[in-house]
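The values are calculated or read from the model by the stated rules, or taken from the named source; none is laboratory data. Every value quoted in this text rests on a predicted model; they were computed, and no experiment measured them. Every residue, glycine as well, gets a Cβ built from its backbone with ideal geometry; the counts of neighbours run over all protein chains shown. Calculation scope for accessible area: heavy atoms of the full protein, side chains included, ligands and nucleic acids excluded. Shrake-Rupley method; radii C 1.70, N 1.55, O 1.52, S 1.80 Å.
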Amino acid sequence: MNRIDLSGRVAVVTGGASGIGLAVCRRFAQSGARVAVWDVAAQAAADAAASLGDGGHFGVAVDVADDASVAAATRETVGRAGRLDVLVCSAGITGPNKVTWEYTPAEWQSVMDVNVNGVFLCNRAAVPEMLKNDYGRIVNIASIAGKDGNPNAPAYSTSKAAVIGLTKSIGKETAKTGIRVNCITPAAVK
């Protein structure tokens, strides 16, 4: 495996206790970063951080859809690690699998809160910390569904399209700084 050099860097991974997020945490730890595992499940975040080995990794309980929770998690992370260099927004939910006209407004809003508002709030909190050092790397995890749309997944598809648009906006806003903002659009994963 090739190794990226993240020595001395502090990385935050939302949804870091499982799935893509946990895989990213592992790779970052192997690459020398100190990893803050952000997850809505406090114990799962702590367990995931402990599984990364030595390196000062730690878990932070956070609801990415709640502004106060994200602000508190950011303060805790910077307080414990001294800085914030990398953000990967992996937290997300799929929502129910049904046609658009059977979706309830509450189901729709739930997906938007985590997948769109969560990415917005985390990016919004991270960029000012990154600007302090004129360095940052943000990767927002969207989905191929955001580009193509999936049947029976209208909220998920729409939310991931929004992540793509948000990423482009923030990327252009930070283009003249040392911060780089990108998103990836994976297809179905285990």
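General remarks:
- Of all residue pairs spaced 6 or more apart or on separate chains, those with beta-carbon atoms under 6 Å, a first member in region 121-142 that is in contact (Cβ under 8 Å) with a residue 40 or more places away in the chain and on the phi < 0 side of the Ramachandran plot and a second member that is in a loop (DSSP other than H, G, I, E, B) and open to solvent by 10 Å² or more (accessible area, probe 1.4 Å) are Cys122/Val64; Tyr135/Gly178; Ile141/Ser90; Ala142/Thr185.
- Within region 49-70, considering residues that are in a loop (DSSP other than H, G, I, E, B) and not hydrophobic (A, V, I, L, M, F, W, C), the one farthest from Ala23 (Cα to Cα): Asp66
- Taking the criterion of being farther than 22 Å from Lys98 by Cβ and open to solvent by less than 60 Å² (accessible area, probe 1.4 Å), the residues of region 145-168 that qualify are Ile164, Gly165, Leu166, Thr167.
- All positions within region 91-113 that are open to solvent by less than 60 Å² (accessible area, probe 1.4 Å), assigned to a helix (DSSP H, G or I) and not hydrophobic (A, V, I, L, M, F, W, C): Glu107, Ser110, Asp113
- Filter pass, Val78 being in contact (Cβ under 8 Å) with a residue 12 or more places away in the chain, β-branched (Val, Ile, Thr), open to solvent by 10 Å² or more (accessible area, probe 1.4 Å) and farther than 18 Å from Leu131 by Cα: no
- Checked against the criteria, Gly53 does not count as closer than 15 Å to Gly92 by Cα and of a type outside the set (A, V, I, L, M, F, W, C).
- Residue in region 76-90 that is farthest from Ala23 (Cα to Cα), counting only those that are in contact with a helix residue (DSSP H, G or I) (Cβ under 9 Å, 6 or more places away or on another chain) and assigned to a helix (DSSP H, G or I): Val78
- Within region 60-72, considering residues that are under 24 Å from Leu6 (Cα atoms) and out of contact with any Phe, Trp or Tyr (no Cβ under 6 Å at 6 or more places or on another chain), the one surrounded by the most Cβ atoms within 10 Å (Cβ to Cβ): Val70
- Residues that are assigned to a loop (DSSP other than H, G, I, E, B), more than 21 Å from Gly82 (Cα to Cα) and in contact with a Phe, Trp or Tyr (Cβ under 9 Å, 6 or more places away or on another chain), drawn from region 1-47: Ile4, Gly15, Ala17
- Hits in region 1-38 - residues which are among the hydroxyl-bearing types (Ser, Thr, Tyr) and open to solvent by 60 Å² or more (accessible area, probe 1.4 Å): Ser7, Ser18
- Residues of region 114-138 classified as within 14 Å of the chain's Cα centre (by Cα) and open to solvent by 50 Å² or more (accessible area, probe 1.4 Å), total: 4
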